[in-house]
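Beneath this line is the structure, given in structure tokens, with notes to follow.
Any read-out appearing in this document is the output of simple, stated calculations on the displayed coordinates, not a laboratory observation. Just so it is clear, the structure is predicted and the values come from calculations on it, not from any experiment. Because the Cβ atoms are built from the backbone with ideal geometry, glycine has one as well, and the counts that use them run over all protein chains shown.
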Amino acid sequence: MKIFLDTADFDLINERVQTGLIDGVTTNPSLILKSGGDPIETIKKISGEFPYFESISAEVVADNAPEMMEQAQAFKDLKNVTIKVPLTTEGLKACKMLASDGFTVNVTLCFSVAQAVLAAKADATYISPFVGRVDDNSFDGVGLVGDISSLYKEHLSRTQVLAASLRNVADVAKCFSVGADVVTMPPSIFDKMYNHILTDKGLELFQNDWNSINTK
């Protein structure tokens, strides 16, 4: 089970990395814009500061595969940077070419099992089904993650299922339960994974007992 943070904010990443529980980062143009950084320099900074991350997804934005390939060259020498491409005809063409050129690739915006089949055929390192957005359209996002995971397992696919667009802690646990290899989430969701009312009550009880012992 691997946890990625879905953010381009260096400070937010750095704070959570101190836990020793973070395996990587996913970004997109919107997140980089929100962080106020330059797209290429932001990825380079994250890669340089956290070389032990398994993957740092850097999304290319272009209309065709050759242009996606060209944009990816900016990250050629960054070994832990994964190129993020859309699940489109041109995106999958780029995925196939990037994989053959030694890049790891995250195919994003997946909304069906059929699309996931194509991504695996294109040698994607990761497939990113969007759980929250599927739920928004009255389908079962966690169920989609489970269906893709089961299919990949049955056919011994090397493509990892990276559950994305998660909006609550419950879906994090459910995605791992149905077979996701990786779950990416905003730092705010990661922080909430620690929380449980019974943990809080237990700590309060222990503290009260400790205090009573030390006041005797």
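Points worth noting:
- Mean separation of Cα contacts under 8 Å (6+ apart) over length of the chain, as relative contact order %: 17 percent
- Gaussian network model of the chain, springs between alpha carbon atoms under 10 Å - residue of Met193, Met185, Met69 with greatest fluctuation: Met193
- Karplus-based coupling profile of segment 179-194, in residue order and whole Hz: x, 4, 7, 9, 10, 10, 8, x, x, 5, 6, 4, 4, 6, 4, 6, with θ = phi - 60° in 6.51 cos²θ - 1.76 cosθ + 1.60 and x standing for Gly or Pro.
- For the chain, the dipole from Cβ point charges (+1 on Lys and Arg, -1 on Asp and Glu) about the Cα centre works out to 360 debye, to the nearest 20.
- Those lysines that a straight Cα-Cα span of less than 25 Å connects to Lys153, excepting residues fewer than 8 apart in one chain: Lys2, Lys84, Lys93, Lys96, Lys121, Lys174
- Extension gain (nm, one decimal) between Ala114 and Glu15, 0.36 nm per residue minus Cα-Cα: 31.8 nm
- When the helices of the chain are scored as -39500 (n - 2.57) per DSSP H run of n ≥ 4 and the total is divided over every residue, the value at 222 nm lands at -14500 deg cm²/dmol.
- Cα gyration tensor, segment 97-177 - rounded (a/c under 1.5), prolate or oblate: prolate
- Spin-label model, Lys153/Met193: points 7 Å from Cα along the beta carbon direction are separated by 2.0 nm.
- Each 5 Å bin from zero holds the following percent of Cα-Cα pairs in segment 37-84: 5, 23, 34, 22, 11, 5, 1.
- Residues Asp191, Asp123, sorted so that the one with the fewest Cβ neighbours within 10 Å comes first: Asp191, Asp123
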